[in-house]
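Let me begin by presenting the structure, written as structure tokens, before commenting on it.
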Amino acid sequence: MNARTHLLIAMFFGFMYFRFFPDMAIVEKFIFSAFLITTSLLPDIDSPTSTLGRKHRVIANLSTHRGMFHSIWIPLIAFFFSMVYPLLKGPLMGITIGYSAHLIADAMTVEGIKPFAPFSKETIKGPLRTGSIFETAIAAAVVMFFLVQPF
Ligand SMILES: [Zn+2]
């Protein structure tokens, strides 16, 4: 999936999170969003051709694409600490949701992800091709979702 689709999908999940927790303070929402946006793009730092990987070639060339950076460990650890330190819930849940949104989106592609890397090579994959008309359709569906919201 490309960066634009990842951002849109993360935005959708973030919106749903705000719906579930409407009492969040506006400052906490901003902090949550900053972490959500950053981590929704972060996993692709392992790809030399991605938006982020182009700027961090050393990391991109040292790690396998869709290896450890595309596993569940980072969001799982962030989620765990959000339970232990409620004061840091905003940023930690931003990481959990942003990162998970990226993994869910990539799991729908033919390339898939290895959620338990480096401990297991088990792969979750789907039918979507990055840059295909179907990816654009998903992005368009998210835009449509926001356009019809009764703000
Ligand atoms: Zn990715």
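If you bin every alpha carbon distance in the stretch 1-118 into 10 Å steps from zero, what whole percent lands in each bin?
Bin by bin from 0 Å, the calculated values are 15, 45, 31, 9, 0.
So if we plug the beta-carbon distance of residue 64 and residue 134 into 1/(1 + (r/R0)^6) with R0 = 22 Å, what FRET efficiency do we get, rounded to 0.05?
Efficiency at R0 = 22 Å is approximately 0.30.
Please work out the C-alpha center-to-center distance from the stretch 1-42 to the stretch 78-151 and express it in whole Å.
11
Over the alpha carbons of the stretch 64-103, what is the largest minus smallest coordinate on each principal axis, giving the biggest first in Å?
If we take the Cα atoms of the stretch 64-103, the spans are 34, 14, 9 Å.
Have a look at 112, 131, 94 and tell me which one the Gaussian network model of the chain (Cα, springs below 10 Å) gives the largest fluctuation.
Greatest mean-square fluctuation among the candidates belongs to 131.
Arrange the peptides 40-47, 71-78 so that the one whose residues have, on average, the most other Cβ atoms within 10 Å appears first.
40-47, 71-78
Just order 57-64, 95-102 by mean Cβ neighbour count inside 10 Å, highest at the front, would you?
Per-residue mean Cβ counts within 10 Å order the peptides as 95-102, 57-64.
How many nm separate the modelled label positions at residue 55 and residue 120, each set 7 Å beyond the Cα in the direction of the Cβ?
Label at residue 55, label at residue 120, 3.5 nm between them.
Every read-out reported here was derived from the displayed coordinates using simple, explicitly stated rules and does not represent laboratory data. Just so you know, these numbers come straight off a predicted model, no measurement behind them. Quick reminder, even Gly has a Cβ in these numbers, built from the backbone with ideal geometry, and neighbours come from all protein chains shown.
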